[in-house]
Each structure stands twice: as C-alpha cells, then as structure tokens.
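Chemist: Once you've had a glance at the structure underneath, I'll fire off some questions.
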Amino acid sequence: MELLPRSPAEFGSARYWDRFFRQRGRRPFEWYGAFPELCPVLHKYVRPRDKVLVVGCGNSELSEQMYDMGVCEDITNIDISDAVIRQMRERSASTRPKMSYLLMDMLQMDFPDAHFQVVLDKGTLDALLTDEEEATLAKVDQMFAEISRVLQVGGRYLCVSLAQAHVLKKAVEYFSQEGWVVRVHQVASSGDKQQFVLPVFVYVMTKFRKIPGSAAQILEICPEEQDKPMRVESAERLVAAVKDRQHYALLCSQISKTPCREQLFLDLCDKESGKPRYTLHVVDSPSVKPSRDNHFAIFIIPQGRETEWLFGTEEGRRQLAASAGFGRLLTVALHREQHYEGMAGIQAELSGKVMELAPPSLPARQQVPFLSVGGDIGVRAVRHCGSSPLSGEFVVEDVRGDGTCYFRRLIFLQNRNVVQSEARLLAPIPLPGQKKRRKDKKKPSPTEPPGAIDKSYLCCEHHKAMVAGLCLLGGPDALPGELAVLVVGLGGGSLPLFVHDYFSQARVAVVEIDPSMLEVAMRWFGFSQGDRMQVHISDGLDYVAKLAAEAPAQYDAIMFDVDSKDLTVGMSCPPPAFVEKPFLQKVKTILKPEGVFVLNLVCRDAGLKESVLAALKDVFPLLYTRSIQGEVNEILFCQ
C-alpha cells in the first residue's frame, strides 16, 4: 500500500516514480496486459523493421519480450524516472544491443518529426488522465501532440488501457478529429482474474494526413472473440460498446465467486448484425444439495416457448432450476430474427461463452450438460412481419407447443416477451425442419394462411376468465334472447370470435383503434365480420363517450382487453385513461342495469393498482376479482 500515490496528480510526477521503483526494486511491474495477452495485437500492428517508441516504459518486461520474441528490435524506451531508466539499462545492455533506454519526458520529446512507425503506451495514458481537470487535459493534449509529431504518416499509436470512459472518449475524439483511423481491440484474457477482473483494451490509432473540411470518422471495435472489426457511428457508441464488455467482465467475475441472490440476465448479440441472438438468465438454487455432477447445466428454451410461464417468469425459471436439480441453471432463449443449426450447432456456439458464467463450485474439466424439452430446439416459423404507426413493428408466427399442437401468435416487438394474441391451429402444418407428407409439389399460395384456426379453443387463460364472467348475467335460461356485447380491443380476434360462435344470439361490436390489427385478424386468425359481428375502427375512449351521450344502457356485457403502448407506466393493460373515474361513469352509462363490465388488468405497480380498484368501486357497487395463476393478469368483474 505504501507504493500508492497520495493523490492522482502524483502519477505524473518524476519524484513519485523514482521513489516507487527504488522501493519496488528490480521486480517487474505489470499493471495489466501481459505479453502473452498482447502478443496477437502486437504482431498485427508492429513489423520487425519498425522503429518503435515506448512511452512511460517503467520496468515492464514488455519491450524485452518483444525484442526476445522477434516482434521487433529497434525499440526506444523513455521514462521520466531516472531510477528506472538506470535499472533497465543495466538489465538489457549486454543482451539487447539494438534497444535503448532514455530519460525523457513524453510531453517534450527530443526526437525529430516523423521518426517512428509505432508508439507504444502501456498504461501511461491511464496514469496521466486521472481526472478531467483543465490542467490534466492540457497535459494529455500535449502528450497526444508530441506522439502525433514523432509518428510517420501511416504510423500507429498503440495504447494499452483499461478504457475508462473519460480516457477512451478523450483519445477517440482527439485522434478522430485529426483524421486518424481509430480501432479498439479487446484483449483476450489469460491473466489472474482473481487479481484483476476488468478487461484490457488496445486503442490502435493510425495516422493519416488530415483532409481540410472533411468530417468523416472511421471508428471500429474488435471484440476478443473475433478479428474482423465492427464499424461504429460515433465516439459515444464506441464508448458504450466498450462499457458493455466491461460490465460483462464484472458480471462474470461476480457470479464466478458467489451465488446469485437475484436472477441475472444478459443478451449475446450476433457478430454481424449486432442484434440479440441469445438471452441468458442465470438461476441459482441454494436448496439443491451439491453432488459431483449437479453444479451447472444449460437449458435451451424451445423456439416460441420463451413467453410461457415456466420459461418467461422468475418464479417459473426458479421452479425449472429446482426440478432440474442443478445448483445453477443457465436458461437460453432463442430470438426469432436469428437462424440456428440445431442443438449441436447451438452447443458449439455457446460452449466457450457459457463457461464464463459457471458457478464457483464447478470442478475443473467438469462436463456441463445441455438440456431442452424433447431434446430439440423447437419450431418457429414467422408468417408475417408488419408495422403500423400505432402498434409499431409486429410479427405473426407459428410455433410448436408442448406436444404436437401448433399455435399462431401475434407479437408486438416493442414488448416481445408478451404474446398479444394466440390461436390454436387445427392440425400440424409443415414447418422448417420437417418432412412434408404430401407427395404433390404444389406450393400453397403465400397469401393464404397455411393452416385453419381452431375458433372453438381459447388459448389465453385470461380470455377464458373473461368469457366465464358472462355467467354473472345468469344461467343459459336467464340470458336475454339477444345478447349485446361490446369488446374494446381486437388483437387477433379470438375473444370476440369465441363469444360470437358460442352464443348464437350474441351481437358483438368490436372497437379497435388500429386498422392494421383488423387486417391481421382477418388474414391470419380466421376473423370475419357479419350480421352479428361488426368492427368499428375508432379510439375506444371516443367511441364509449359518444355512445354514452347518444345511446345509453344498450349493452349486456362490456369487455376491455386493451394494451397500453406506454411501457413507462407500471400498468400494461389497459391504458390509464380507461380506468379514470369520469370514463368509468360513461362505461356504466352504456351498460344495462343488470349488465356486467369485464376488465383485463395487468398492473405491476401496487399503488397504481389500488387507485384503479378504488375508482372501480366508486362507480360499480359490486366488484369481483379473479387472478390468473402464473400471470400478472387479474380479471375484474363489475356490476
């Protein structure tokens, strides 16, 4: 501890470094970035005949190892500490004749212009840029200006750094504005992670002549697992990409030492597109008694089933981990935009990465099993992609459920973990990866649904509960001869279709704000209009208000199944305006005296939920609630 400076400013003091190296003696001091880790990057950007300048060399062995391993020999090392320069001269004088050590300040170097092809900096910029005070930034600007002066055009400034946000941002902005190409490499780790958990980066700044009037910037990042650089649009995006990798390293370090009290999740992205390819959840089960083979397992969630309670909720994943009998279970969800080469392909792709998330109890060389339902990755076929100004981007997809049943789903991509509408298909249909049984080669028309919808089956548990609420009108004999029902929110149309078909005397009016949803319901979910089924494209708030003013007391049942587009509110169904007291009074106005108002409530905000219930109780004398097991949904019945 006595080797540490009293203040960050001492990192730039020659007196501090003289004292540091005298106290440390001849032991090499490597802050981070040992030669085996840096070697691939050095070989890529340093040629054997290059003249190399190492600024702030200290007593690191990096220059000596570069010399001995044949990376290059014409290496000039400078430092402001006289003690370390004398020490390093003694160490290399007889064995490395082409390498020199000079006492020199990098802020004011004696070399001529364009003298070097490479300037190498290992931790020196980090030590100098300890804060963002004006005096510190002025020194950094002076350092960069001197490096730029002594480098030839086409030369490279290699800066080994921990890439703190302010350090990286300063370097990137300075050199990119000078017209240099900036590339950031993440160094593959091989050191002691117990000592240092943060990843090491190398900034590679290549000098080009500045073109007057040109604002073009070339900024790239190379993750440790690939050599091909990825272009980024701005310095801010580059800093953010580095920050993501730092957070991942800290996460891996944290969960490699202690069990997770809470479930952690992260996305692994596709290298080419940058879009999420896998979503991982780390689930620890302290109650599982450890044995030789039950420390760690990977569970691949079949495609299309990631929204199911068992896989899509914390409690579900906790039960899955406990029933699987592993101390740590890593669940892996597959994304619909990606293509996967079966279970073996996924296992090969993930094997290296998931081991970074292994628990501390995992024995060395322990084989980790990959698990799934039925041993495969499931089936998902995207039938339609669309977008609307109101609902945003959405997809219609067919998935295989548990067993041999197939389902069609509508998903709004702004909330991709929620199934907006779902319908069961009457028979299995040919999907990718399956053999077709038909001998004829005639392809179905792309404009027609590939399978018929089972209109008699309600997939959503909250829809079943909403339909059951019609029993509050009385038994079959007590129901009015003609049942007038208003449904606000169409989606795929499953709820109004079921009411229409099951109650032969029902006349159903549906209000839907988004005309795109009507098109989706008719094309992909078997919905149709007729004498007893009419859809009104309108805002539900306006439609109800108009009815309340013109035609009160006309509906036996009113059903609200409306999603909220505002994800910042703790209530995703309905939008808050639908449960404000003045609007609820209008709902009551258009309801017949013995009618029932059924509301699908999805609210995670306890305070907001209490206020909703209070408003409903103020308007309706009777209020019944039914929770949906395993879901946030609650169905409210008001009379």
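The values are calculated or read from the model by the stated rules, or taken from the named source; none is laboratory data. No experiment lies behind these values; they were computed from the predicted model shown. Note: ideal-geometry Cβ built from the backbone for every residue, glycine included; neighbour counts use all protein chains shown. In case anyone asks, the SASA skips ligands and DNA or RNA and just uses the protein heavy atoms, side chains included. Shrake-Rupley method; radii C 1.70, N 1.55, O 1.52, S 1.80 Å.
Chemist: Among the residues of the stretch 380-412, write down those that are open to solvent by 50 Å² or more (accessible area, probe 1.4 Å), polar (S, T, N, Q) and within 24 Å of the chain's Cα centre (by Cα).
Modeler: Ser387
Chemist: Pick from Val520, Val562, Val544: which is closer than 26 Å to Lys609 by Cα, of a type in the set (Val, Ile, Thr) and in a helix (DSSP H, G or I)?
Modeler: Val544
Chemist: Look through the stretch 615-632, keep the residues that are open to solvent by 50 Å² or more (accessible area, probe 1.4 Å) and of a type outside the set (D, E, K, R), and return whichever of them is farthest from Ala577 (Cα to Cα).
Modeler: Looking at the filtered set, the residue picked out is Gln629.
Chemist: Within the stretch 261-269, is even one residue over 30 Å from Arg408 (Cβ atoms) and charged (D, E, K, R)?
Modeler: Looking through the stretch 261-269, at least one residue is over 30 Å from Arg408 (Cβ atoms) and charged (D, E, K, R).
Chemist: So for the stretch 238-253 (the condition being part of a loop (DSSP other than H, G, I, E, B) and either open to solvent by 20 Å² or more (accessible area, probe 1.4 Å) or small (Gly, Ala, Ser) (or both)), does at least one residue qualify?
Modeler: Scanning the stretch 238-253, I find no residue that is part of a loop (DSSP other than H, G, I, E, B) and either open to solvent by 20 Å² or more (accessible area, probe 1.4 Å) or small (Gly, Ala, Ser) (or both), so the answer is no.
Chemist: If we keep just the residues of the stretch 304-363 that are assigned to a loop (DSSP other than H, G, I, E, B) and of a type in the set (S, T, N, Q), which is modelled with the lowest pLDDT?
Modeler: Ser361
Chemist: Here are Leu168, Leu137, Leu198: which of them is within 15 Å of Ala241 (Cα to Cα), surrounded by fewer than 18 Cβ atoms within 10 Å (Cβ to Cβ) and not basic (Lys, Arg)? Talk me through it step by step, then tell me what you get.
Modeler: Values: Leu168 fails: surrounded by fewer than 18 Cβ atoms within 10 Å (Cβ to Cβ); Leu137 fails: within 15 Å of Ala241 (Cα to Cα).
None of the others qualify; the one that does is Leu198.
Chemist: Would you be able to say whether some residue in the stretch 328-347 is within 29 Å of Lys257 (Cβ to Cβ) and without any contact (Cβ under 8 Å) to a residue 12 or more places away in the chain?
Modeler: no
Chemist: Sticking with this structure for a sec: So if I check each of His500, His463, which one is modelled with pLDDT of 90 or more, assigned by the TED database to the domain that holds Cys573 and more than 23 Å from Val399 (Cα to Cα)?
Modeler: Just a single option satisfies the conditions, and that option is His500.
Chemist: Go through the stretch 87-140 residue by residue and tally those that are on the phi > 0 side of the Ramachandran plot and hydrophobic (A, V, I, L, M, F, W, C).
Modeler: Number satisfying all stated conditions: 1.
Chemist: May I ask you to list the residues in the stretch 261-272 that are touching a residue at least 60 places away in the same chain (Cβ under 8 Å) and more than 14 Å from Cys222 (Cα to Cα)?
Modeler: Leu268
Chemist: Regarding Val118, is this residue open to solvent by 20 Å² or more (accessible area, probe 1.4 Å), in the same structural domain as Val41 (by the TED database), at pLDDT 95 or above and aliphatic (A, V, I, L, M)?
Modeler: no
Chemist: For Lys228, indicate whether it is under 20 Å from Leu125 (Cβ atoms) and at pLDDT 75 or above.
Modeler: no
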